[in-house]
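The values are calculated or read from the model by the stated rules, or taken from the named source; none is laboratory data. Keep in mind the model is a prediction, meaning the values are calculated, not measured. Positions of Cβ are generated from backbone atoms using ideal geometry, with glycine treated the same way; all protein chains shown enter the neighbour counts. Note: accessible area is taken over every heavy atom of the protein model, side chains too, but ligands, DNA and RNA are not part of it. Shrake-Rupley method; radii C 1.70, N 1.55, O 1.52, S 1.80 Å.
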Amino acid sequence: MLKSMTGFGIAVAENADFKVTVELKAVNQRFLELNFHMGRQLSQWEDALRQKISKTAARGKVDIYINYVDKREGKTLIRVDKNLALAYQSALNELSDTLHIPRPDDAAVYVNFPEILQVEQSTELTDLQPVLYQALEEALAAFDAMRRTEGAHIEADFALRLDKLAAMRQHVMELAPSIVNNRRTHLLAMVEEALAGKELDEARIIQETAIFADRVNYTEEVVRLESHIAQFRRIMTAAEPVGRKLDFLIQELNRETNTIGSKANSTEVAQLVVDMKSEIEKIREQVQNIE
């Protein structure tokens, strides 16, 4: 089943402590490019997030927006710098002895000195991980569903255009004998006019017709064209990403069609070739959207 490279998905997951929102947006790109837009606190999980996304998306430029809300009550820690406190105490005792004043005996005295008590906010986010992964999985599911839906529309368009292309290929094949017959009739008319009733060299006419028939013979190209169309249809049903394979087949379809146009000495075939190339170009434009 075909999948489009463009897509969008968003999901929100939460528990008692955290609420996480993940949003995915993708546009066409030849290779997979993942761009994360999130706080540095979440960078510890970036590699794991990349692996999870890569299992769903094989091509495209994907922007990932991740935001979270910490619903926990603030956990404040106060750390005591014991060595610094002892240094202050030693200095105050020395000052007391020098000035002959009482030594401080209340711990509250030390609170006013810089750096002895250091306030720290808890930044522990371990419990955020499962919520983050849940939000990503749900966003990926919505993202992939949208890409599959768009891929189904493109697949239907491919089927329609391949049918048109196959019908025109059949018409081109059916016109091949008439091209040679018309050439033979034209040669006969020219020779008869030139000889003005004299005896015709039938062998020469046959020889010239055979040379022309060989020059305009595009049977090989028509057969390969039929094979490429059938292969295109088979590839569309594959489970893995097929965009690059289809892009290569488009080049082959164009090559065979151009060769038919250059060989066929027929205005009718030339018009069919123009129409065929138009359909192939429309298919090529759509292939650029396929993963």
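Some observations on this one:
- Each of Asp127 and Met1 was given a label point 7 Å from its Cα along the Cα-to-Cβ line. The distance between the two points is 3.8 nm.
- Å² of accessible area per residue within region 1-117, as computed with a 1.4 Å probe and no ligands counted: 65
- The relative contact order of region 3-69 comes to 43 percent, based on Cα pairs under 8 Å that sit 6 or more residues apart.
- In a simple Cβ point-charge model (Lys, Arg +1; Asp, Glu -1; nothing else charged), region 1-104 has a dipole of about 640 debye relative to its Cα centre.
- The order of the peptides 50-56, 257-263 by mean Cβ neighbours within 10 Å, most packed first, is 257-263, 50-56.
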